[in-house]
Amino acid sequence: MKKNILSFSLLLFICVKTFADEGMWLPQLLQALNEKEMKRMGLKINAADIYSISKSSLKDAIVSFGGFCTAEVISDQGLLLTNHHCGFDAIQNHSSVENNLIQKGFWAYQKEQELQNQGLFATFIERIEDVTKEITNNVTPSMTEKERQSQVDKNINQLKKDFKKENFEDILIRPFFDGNKYYLFVTKTYRDIRLVGAPPASIGNFGKDTDNWMWPRHTGDFSMFRIYADKNNNPAAFSADNVPYKPKRSLKISLDGLKEGDFTMVFGFPGRTNEYLTAAAVKQVMTVNDPAKIAIRAKALEVLNGFMRKDEKIKIQYAAKYAGIENAYKKWQGEVLGLHSTNAVQKKLSYEASFMQRVNANPVWKNSYGNLLANLSVAYKGIEPYSYARDYYNEITPRIELMGIAADMNSLVTAFIKDSSSYANRKEEVLAKLEETFKEYDASVDKKMFETLLELYVTKQQAVYISPMLQQSLNRQQQSYSAIASDVFGNTAFASLEKIKTILNQTPQEAVNAIKLDIAGNLYTDIFTSFATNVSPKLNEMQATINQLQRKYMQAQLDVFKEKNFYPDANSTLRVTYGNVKGYRARDAVSYDFYTYMDGIMEKYKPGDYEFDVPQKLIDLYNKKDFGQYAVNGRQPVCFIASNHTTGGNSGSPALDAYGNLVGLNFDRVWEGTMSDINYDASICRNIMVDIRYVLFIIDKYAEAKNLIAELQLVHPKKTVKKS
């Protein structure tokens, strides 16, 4: 009996323990939840040095970059550092065949040379407050999910009206722990963000698709921007009168590097994780949803690759799109691999067994939570065919750009029905949007994408979810997707900006009539209607049930496992994650070290290759060993890994040492550990960072941008500690 109790206790400890490396923690709670553990792991500063509203702290140097990445302030003149892939769209927008900044890079040696980027912004967090009580006021357990959300939205709107803030501040309110908690973020957003520097893609994206999500890595994944403000240092629209932003805090940069076991933390805006899903949910992701999305993106990449390798113009036009498609494609592959290799479903089942044992031993919990897991399992089984159809719709329609164009054009019909002013306003919006779309559009590429992906749409789904119009067209065209593509692209006006402008230059009534008759517009409408009729209603109904059950399950975990510190799932809000520099064992007989050097770049180098070519100047610097002060024992560090728990949105986040100095730039995760969004496993989950000394080497020695180096505050914290 004692042996059984001991075995269960050990199992329980294993199941509920939060690994020291795991977690995306709210910075305002570090002092209460994490500071002691962080110091045990090596942190040398206090939690108040990381987050404070009464004094300057590290959080004042961290920004949400464009809402999709993180960046950090690294000088007292508002200089920002982020990833090359985070700045890629801006770099691409300034590129042409004649002046290809993707290929040759860009450096502003004077501030007057810095380039404006319309729509790009940087958001600071001023302070964070717990507003759970206010947001859940008048919310009751008997409410339906729709009623509950309506009350929450009402409370949020009221709080935003009542909350005191400065005119240049904004309010962001987000749910945490599946809606069991709510926090308010006071933000300050700057919208004059200018491109300052970027290495050529042969450095900033060295290894491209082959190395993406992989370790060892040798990528100088960085770019530089600058925040501009008005004369009072407040946010302002782009103006020649704006001046470089004066930050509350800029990061010091350590030249000392790291060794195995050193403490690191990553401070940024992770996008989305789902760490508290049930075994049933994880199994569905692993066996149904991810495989479906992988199959679709594989075909899309095949189409783009065929064109981009033959045509330089198309290569530039579709570079960002290709990178976006490939990034998630490879991530999902690694996620499936990692979920299998770490027995994720079995781990969840073991955790759930521990949960149920405690629940059944407590009458109150048994009454409230006894059927939760069973009900969630039934709900996931019920939603499976609809979530599969959703993934096909969501993956295929955005990849076929003609469908997006058709959606924009069809929106004019809706606006016209409303009133003439709505039509006029919407017309201007659509024209502006399509002007941008067609800068990076090629009808021949899109036609092939249409032909390829619609075949998947038809052949890999149940007939009930497929557009009747498309099925009828297939019957008329003897099941030839090529013939349908030729018919649609040969007869639509929507694949040409000039033809679209001709339509919109007519009277509103004439334009609307032409839009209604367009073959592409009609096909998009039928595909959309099929999804909206046969998938969305049931999907939304079942998702609401799952959301309600998951929120209750999350609260149940908080109640049942009191001894565990829970961190909320990522939701694009400011977080701190921490760990140690360490290698990992990827699989049988394959183990990885934690640092890479420029030697590895030369080993991978393939002259003229799309992925592994490098500039001659970089080769010359390597051969001369001209690394300046950035080398270690005659070798130039490039990248390193650690056990920080990161995800999408953490791209561009600063990797900080024990003293809060910048030592690297987070840009990726190892392939075997990409399942960390669902199932963090300390044995193989590692984040990948470019060493800040490689960034400085490229700026200083390769670009010779001494003006930028002069702005930075370079320090030697380890040498300082030894002297003291």
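Numbers below:
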{"quantity": "Cα gyration tensor shape for the stretch 443-546, rounded if a/c is under 1.5, else prolate or oblate", "calculated": "oblate"}
{"quantity": "Highest-first arrangement of 134-143, 157-166, 354-363, 119-128, where packing means the average Cβ count within 10 Å", "calculated": "119-128, 354-363, 134-143, 157-166"}
{"quantity": "Nearby lysines by direct alpha-carbon distance to Lys165 (threshold 16 angstrom, same-chain neighbours under 8 apart not counted)", "calculated": "Lys188"}
{"quantity": "Net dipole in debye of the stretch 123-190 [+1 Lys, Arg Cβ; -1 Asp, Glu Cβ; about Cα centre; nearest 20]", "calculated": "80 debye"}
{"quantity": "Listed residue pairs exceeding 18 Å between alpha carbons, taken from Lys36/Lys718; Lys231/Lys706; Lys366/Lys562; Lys293/Lys433; Lys44/Lys719; Lys208/Lys447", "calculated": "Lys36/Lys718; Lys231/Lys706; Lys293/Lys433; Lys208/Lys447"}
{"quantity": "Loop-resident sites, the stretch 609-708, for chymotrypsin sites (Phe, Trp or Tyr not before Pro), counting at most 15 other Cβ within 10 Å (DSSP)", "calculated": "Tyr610"}
{"quantity": "Loop sites in the stretch 247-314: trypsin sites (Lys or Arg not before Pro), DSSP, at most 13 other Cβ within 10 Å", "calculated": "Lys259, Arg272, Arg309, Lys310"}
{"quantity": "Angstrom value of the Kirkwood radius, inverse mean 1/r, which spans all Cα pairs in the stretch 123-190", "calculated": "12.7 Å"}
{"quantity": "Antiparallel bridges, percent of DSSP beta bridges restricted to the chain (to nearest 5)", "calculated": "95 percent"}
{"quantity": "The chain, dipole about Cα centre (Lys/Arg Cβ +1, Asp/Glu Cβ -1), debye to the nearest 20", "calculated": "1980 debye"}
{"quantity": "Among Trp25, Ile500, Tyr109 - extreme Cα towards positive end, dipole of the chain, charges at beta-carbon", "calculated": "Trp25"}
{"quantity": "Exceeding the 25 Å Cα-Cα cut-off - candidates Lys418/Lys501; Lys39/Lys348; Lys283/Lys330; Lys146/Lys516", "calculated": "Lys39/Lys348; Lys146/Lys516"}
{"quantity": "Qualifying aspartates and glutamates (Cα of each under 12 Å from Cα of Lys181; at least 8 residues distant if same chain)", "calculated": "Glu129, Asp130, Glu134, Asp569"}
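Every number here is computed from the coordinates shown, using simple stated rules; none is lab data. Keep in mind that what you see is a predicted model, and the values were worked out from it rather than measured. Neighbour counts are summed over all protein chains in view; Cβ atoms, including those assigned to glycine, are modelled from backbone coordinates with ideal geometry.
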